[in-house]
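Data block below; observations after.
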Amino acid sequence: MSPRLRHLTTLENLPRETIERLLDRAEALRDACAHGTRKLDVLAGRTVLNLFFEPSTRTRTSFELAARRLGADVINFDLGFSSTSKGEELFDTLHTLEAMHLDAIVVRHKLSGTPDELVRHAMSGVSVINAGDGNRAHPTQGLLDVLTIRQHRPDFDNLTVLICGDIKHSRVARSDIHALHTLGIRQIRLCGPAALMPAAEEFPHCRLFDDFDAAIEGVDAVIMLRLQKERMVAIDLPDEAAYFARYGLDQRRLARAGKGCLVMHPGPINRGIEIAPDVADGAQSRILEQVGNGVFVRMAVLNEVLAR
Ligand code: ASP
């Protein structure tokens with residue numbers, strides 16, 4: 001059996017067995033808590049700190065719900081857009097909070113690598129969970145995305161998944177690619193304007209496209225991404241209407257995908273920029289299922305790192 005995780009900062013290089021264990025546990029906990037209507041006490045007496053240096057809606061609230069549903073106490077330390085950054089200030093904050101006795105820190109930060117720095121500086125016994133660092137990793141999003149796909153299409157070795165949009169700045173894309181690849185997906189396609197694509201060497205096993213109509217042909221799932229302007233430096237982008245015309249998911253394009261193609265998006269959605277409203281709200285949309293699965297996946301991760 002692969003060893004229990006003490007921290008979760010990335011899905012890169014996690015064994016397939018560990019990823020599958022977390023997905024199976026997410027489903028087991030979903031059933032045990034009767035889809036959230038029953039509270040469990042497996043983490044009673046443990047304290048989870050949400051330390052968010054960047055804004056968040058879904059991730060923060062679902063970590064909070066996940067911890068509470070397992071019986072843990074939660075502290076929210078919301079720094080929003082504050083100027084606190086890497087360096088002394090961050091570690092001072094960490095040690096101050098640790099002095100109040102914590103079991104896990106859920107951290108989001110604009111600088112890639114911050115969760116690993118916390119792992120190096122955190123007191124022993126404190127687990128660190130990455131809730132998104134820069135453009136590097138968003139492991140619980142990666143897990144909830146593959147769980148959502150698995151629930152509809154467990155035949156991964158038959159599936160083609162397309163990720164479209166601002167891949168260069170997306171930690172979600174990176175964690176999705178790592179998870180999908182480890183789970184043996186048949187093909188991963190990436191599509192976006194050249195300025196928003198990763199270097200080809202970063203993902204040698206993915207097929208890169210710049211023509212969305214060609215990329216979506218026959219795919220089983222399409223994951224749309226928002227333009228992450230907060231991470232862009234001097235990039236010349238087409239205006240929103242021109243972007244939608246080339247890289248927006250509308251019904252015409254969706255009709256080119258495989259039958260029953262799953263439509264996914266990590267949120268927040270920008271309707272009319274990367275996705276048409278009737279597709280986001282349409283019968284093939286799995287976007288709200290992703291949100292629901294986010295709570296169960298985060299319960300599984302907290303349970304993994306905090307189990308005694
Ligand atoms: N919510 C996701 C993230 O934090 C995706 C996004 O912001 O576009 O990375």
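Numbers below:
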| item | result |
| --- | --- |
| Whole-angstrom gap from the stretch 98-140 to the stretch 147-167, using each part's C-alpha centre | 28 Å |
| Positive-pole candidate from PHE203, TYR247, HIS178, dipole of the stretch 128-247, charges at beta carbon | HIS178 |
| The stretch 164-278: relative contact order as a whole-number percent, Cα under 8 Å and 6+ apart | 30 percent |
| Whether the stretch 112-217 is rounded, prolate or oblate, judged on the alpha carbon gyration tensor where a/c under 1.5 counts as rounded | oblate |
| Cα-centre dipole for the chain with unit charges at Cβ (Lys and Arg positive, Asp and Glu negative), debye to 20 | 640 debye |
| Whole-angstrom gap from the stretch 270-308 to the stretch 7-49, using each part's C-alpha centre | 15 Å |
| The chain: relative contact order in percent, alpha carbon pairs under 8 Å with at least 6 residues between | 21 percent |
| Selected from ALA99, SER62, HIS152, residue furthest toward positive end of dipole (the stretch 1-159; charges at beta carbon) | HIS152 |
| Spin-label model distance (nm) - GLN187 vs ARG6, 7 Å beyond Cα toward Cβ | 4.3 nm |
| Zero-based 20 Å bins, Cα pair distances in the chain, whole percents | 34, 57, 9 |
| Within the chain, percent of DSSP bridges classed antiparallel, to nearest 5 | 5 percent |
| 222 nm mean residue ellipticity, helices alone, for the chain (DSSP H n ≥ 4; -39,500 (n - 2.57); rounded to 500) | -11000 deg cm²/dmol |
| Relative contact order (percent, whole number), the stretch 160-222, Cα cutoff 8 Å, 6+ residue spacing | 44 percent |
| Residue exposure sequence - SER112, SER62 - by fewest surrounding Cβ within 10 Å | SER112, SER62 |
| Rounded if a/c under 1.5, otherwise prolate or oblate - the stretch 196-255, Cα gyration tensor axes | oblate |
| Among ILE275, ASN293, LEU227 - extreme Cα towards positive end, dipole of the stretch 154-308, charges at beta-carbon | ASN293 |
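All of the numbers you see were taken from the coordinates with simple rules; none came from a lab. All values reported here derive from a predicted model rather than from experimental measurement. Glycine gets a Cβ as well: all are built from the backbone with ideal geometry, and neighbour counts include every protein chain shown.
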